[in-house]
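J.: Starting off with a structure, shown below.
The values are calculated or read from the model by the stated rules, or taken from the named source; none is laboratory data. Quantities reported herein were computed from a predicted structural model and do not represent experimental measurements. FYI the Cβ positions are ideal-geometry reconstructions off the backbone, even for glycines, and counts take in every protein chain you see.
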Amino acid sequence: MVGFLWFAIISVMLAGYVVLDGFDLGAGALHLFLGRTDQERRKIIKAIGPVWDGNEVWLLATGGVLYFVFPQLYASSFSGFYLPLMMVLWLLMLRAIGVEFRTHIEDKIWASFFDGIFCIGSLLLAVFYGAALGNVVRGLPLGADHYFFLPLWTNWNVGAHPGVLDWYTVLSGVVALVALCVHGANYIAMKTDGDLNARARTTSLVLTPVLILLTIVSLLATLAIHPGITANYNALKIGYLIPVLVFASLIGVFVFQKAKKEVFAFVSGALYLTFMLVGAVYSLYPVILPAIDPQYSLTINNSITASYALQVGLRWWIIGIVIALGYFVFLYRMFRGKVALENDGGYGD
């Protein structure tokens, strides 16, 4: 029961990160496409400027809780994914440089340069996050010692000796990119007006049917490479409600965006991301890091830390999460509504 509780806590925190940082990753990936003028690009930056770095705190918090609760999972995954994790770290830093320097340098050439860094960093992060989830769902070459190593790619096939990138994980990356672009477009539409708002709404309406198709393709691909992934669904039939909610939320994005109900469209997009993650963790439970050979998989039972530490940690986690939620409620209430540029053009104005 304790293991399930912490599994649920980490899942909720991860979903919180994907939903919150997801819209500013999507906005960054669409930055050059949606922002046709310097003013429009500064509007996009201002829309996410007060919150993007706070959103990334959820990634750090999730990693910290993961290290505390499931140390074996943390050790195995961070050693096996060392190369891609270093790439993600550099992309996070470059993206931050792009956002911060873009708002403090007036030179047009440098502004374009940092716009490019921000856009490319956001785009590649979305792909890498999706590929990471694809690796977990596909399974990893864990050994008896629960460690593994993955090259960046091998023969691009799903098999006994996979790489970080193969046809399935690349598909997962593309799904993640399109999903976060839809989420980002919904957010920009909610926070802006005029031509930028219209362009963001059109982008969401065009990409949502593409995302529906990609979601169906990725679901069929998952069933093809991992037929046993429906075991939990078959054991508890209510789980089949999850894919229904996934597609219902996507339809909601399209319907609400068509009706110009931007807030509802954004919420529907957030629900899609949440239900997708819920479906993944529901299918894997109690496995938290599946191995290609199932006997070597890490589960909540063989990788959880001592019970006394979990009891103490839960008390501090409750205190921390209450403070964090209070801060985020204050922050988002402070910056609610449409963004408007002042004379200096900074996002903090």
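J.: For the stretch 313-343, which positions are surrounded by fewer than 12 Cβ atoms within 10 Å (Cβ to Cβ) and either closer than 15 Å to Leu66 by Cα or of a type in the set (A, V, I, L, M) (or both)?
T.: Result: Trp316, Ile318, Ile319, Val322, Ile323, Leu325, Val329, Met334, Ala340.
J.: Shifting gears a bit: Scan Thr192, Thr203 and give me the residue that is touching a helix residue (DSSP H, G or I) at 6+ places or on another chain (Cβ under 8 Å), hydroxyl-bearing (Ser, Thr, Tyr) and at pLDDT 95 or above.
T.: Thr203
J.: Scan the stretch 21-38 residue by residue and report those that are surrounded by 21 or more Cβ atoms within 10 Å (Cβ to Cβ), assigned to a helix (DSSP H, G or I) and of a type outside the set (Phe, Trp, Tyr).
T.: Passing the criteria: Asp21, Gly22, Asp24, Leu25, Gly26, Ala27, Gly28, Ala29, His31, Leu34.
J.: Let me ask something else. Please pick out the residue among Phe118, Phe113, Phe148 that is in contact with a Ser or Thr (Cβ under 9 Å, 6 or more places away or on another chain) and either buried (at least 21 other Cβ atoms within 10 Å of the Cβ) or modelled with pLDDT under 95 (or both).
T.: Phe148
J.: Just to be sure I understand the filter: pairs with C-beta atoms under 6 Å, separated by 6 or more residues or on different chains, first member in the stretch 33-48 and free of Cβ contacts under 8 Å to residues at least 60 places away in the same chain, second member polar (S, T, N, Q) and surrounded by 24 or more Cβ atoms within 10 Å (Cβ to Cβ). Which pairs pass?
T.: Close Cβ pairs satisfying both conditions: none exist.
J.: Would you point out which residue out of Tyr272, Tyr285 is at pLDDT 95 or above and closer than 26 Å to Lys237 by Cα?
T.: That would be Tyr272, the only listed residue that is at pLDDT 95 or above and closer than 26 Å to Lys237 by Cα.
J.: Which residue out of Gly116, Gly80, Gly130 is of a type outside the set (Asp, Glu), on the phi < 0 side of the Ramachandran plot and within 17 Å of the chain's Cα centre (by Cα)?
T.: On the way: Gly116 fails: within 17 Å of the chain's Cα centre (by Cα); Gly80 fails: within 17 Å of the chain's Cα centre (by Cα).
Every option except Gly130 fails the conditions.
J.: Filter the stretch 151-183 for residues that are touching a Ser or Thr at 6+ places or on another chain (Cβ under 7 Å) and in a loop (DSSP other than H, G, I, E, B); which is modelled with the lowest pLDDT? First the steps, then the outcome.
T.: The first filter runs over the stretch 151-183 and keeps only residues touching a Ser or Thr at 6+ places or on another chain (Cβ under 7 Å), leaving 161-163, 171-172, 175, 182.
Filter once more, so that each one left must be in a loop (DSSP other than H, G, I, E, B): 161-163.
Numbers: His161: 82, Pro162: 86, Gly163: 86.
Checked the stretch 151-183; the qualifying residue modelled with the lowest pLDDT is His161.
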